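Q: This is the structure I have questions about; it appears just below.
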Amino acid sequence: MSNVVSLRFIQCHDYLKKNNLVRSSRQFATSLDYAPQSLNEILKQKRDVTIELCRKAICKYSINAQYLFCGKGDMFLSDSAGEKPILTIVTDQNNNEQIVHVPVAAQAGYGGNVTDVSYFEELPSFNLPNFRHRGGTHRCFDISGESMEPTMYSGDQVVCSFVEPQDWKRNLKEHNIYVVVSRNDVVVKRIKNHIETEGYIELISDNQDYQPYTLQAEEIVEIWLVRTKISAVLPSKNSMRKSVSQDLDLLKDTLASQSAMIQSLNATIESLLRQNRTLR
């Protein structure tokens, strides 16, 4: 007979399935990096849940640890208590998790619909053959605008892996690119992480024409680490040569301008020195 913690764990699993927050027991198991057949034995009360499986489920699905281990409080932590919404996923007919594609037209409402199963059912989803980042949940977002040029261009797409909210304080790296979701916006930026000390992140564009700005941690709904870029444009050798040539021409013009400024400055200094000698 399963212990009381295992029985509560089963109740949490059943709640997630009933409310379509997970599509199947198999998907629930794989999302926790746990063997589906072993989970099936837990659900049939043939074995007890492990502490490690409990820990993963608490982190992934915001299960209330007080409820799970002590039977106190609600089954799940509420958003009003400061927890982030449960991550919604999409699976195929074989219960394999799909990569959901969020096109530009859908991004304006994405942050407000992250727990709406019907919203995600209307979005396209796909798998990538031999995709090297198979663990965890992934999304695909369209790139719009010029703020991340020359790294990314409008029309490109990025495939991203989900960053757990408990990892935001210490595991956001400044050299990586992230998709940051708020209630009203989806942006692709580099990050300076000040959550632990100041309670916000700084969002930085690769295009120097765009100024950095800040976003408070409580405004963030989701963060996704960019893993792969799918480019809409493959530059030709001629265009690449032209771009390099233009950069060299610009560099030459800059050096020539600076050289002229230095010569002018030297002439001014010489004139001042001659005036100083005359006054003596």
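The values are calculated or read from the model by the stated rules, or taken from the named source; none is laboratory data. What you see is a predicted model; the values in this text were computed from it and never measured. Here Cβ is always computed from backbone atoms with ideal geometry, including for glycine, and neighbour counts include all displayed protein chains.
Q: Check SER182, SER118, SER161 and return the single one that is in contact with a His (Cβ under 7 Å, 6 or more places away or on another chain) and over 23 Å from VAL233 (Cα atoms).
A: SER161
Q: Show me the helices (runs of 4 or more DSSP H) entirely contained within the range 47-162 in which 2 or more residues are among the β-branched types (Val, Ile, Thr) and surrounded by fewer than 14 Cβ atoms within 10 Å (Cβ to Cβ).
A: By residue number, no helices (runs of 4 or more DSSP H) qualify.
Q: Is one or more of the residues making up the range 238-252 more than 21 Å from MET152 (Cα to Cα) and modelled with pLDDT of 75 or more?
A: Within the range 238-252, the subset more than 21 Å from MET152 (Cα to Cα) is 248-252.
Right, trim to modelled with pLDDT of 75 or more and you get 251-252.
Yes, there is a match, as at least one residue in the range 238-252 is more than 21 Å from MET152 (Cα to Cα) and modelled with pLDDT of 75 or more.
Q: Name the residues in the range 8-42 that are touching a residue at least 12 places away in the same chain (Cβ under 8 Å), of a type in the set (A, V, I, L, M, F, W, C) and in a helix (DSSP H, G or I), would you?
A: PHE9, ILE10, CYS12, LEU16, PHE28, LEU39, ILE42 - these are the residues of the range 8-42 that are touching a residue at least 12 places away in the same chain (Cβ under 8 Å), of a type in the set (A, V, I, L, M, F, W, C) and in a helix (DSSP H, G or I).
Q: Keeping to the range 66-80, report how many residues are aliphatic (A, V, I, L, M) and in contact (Cβ under 8 Å) with a residue 40 or more places away in the chain.
A: Qualifying residue count, the range 66-80: 2.
Q: Check the range 51-65 and report whether any residue there is of a type in the set (Phe, Trp, Tyr), closer than 30 Å to ILE143 by Cα and touching a residue at least 24 places away in the same chain (Cβ under 8 Å).
A: Residues of the range 51-65 that are of a type in the set (Phe, Trp, Tyr), as a first pass: 61.
Restricting the remaining residues to those that are closer than 30 Å to ILE143 by Cα gives 61.
Filter again for touching a residue at least 24 places away in the same chain (Cβ under 8 Å), leaving 61.
Yes, the range 51-65 contains a residue that is of a type in the set (Phe, Trp, Tyr), closer than 30 Å to ILE143 by Cα and touching a residue at least 24 places away in the same chain (Cβ under 8 Å).
Q: Residues that are under 26 Å from ASN184 (Cβ atoms), under 22 Å from the mean Cα position of the chain (by Cα) and crowded, with 18+ Cβ neighbours inside 10 Å: does the range 18-26 have at least one?
A: yes
Q: Mind counting the residues in the range 163-194 that are farther than 22 Å from ALA106 by Cα, in a loop (DSSP other than H, G, I, E, B) and either outside the structural domain of TYR213 (by TED's automatic domain parsing) or not aliphatic (A, V, I, L, M) (or both)?
A: Of the residues in the range 163-194, 5 are farther than 22 Å from ALA106 by Cα, in a loop (DSSP other than H, G, I, E, B) and either outside the structural domain of TYR213 (by TED's automatic domain parsing) or not aliphatic (A, V, I, L, M) (or both).
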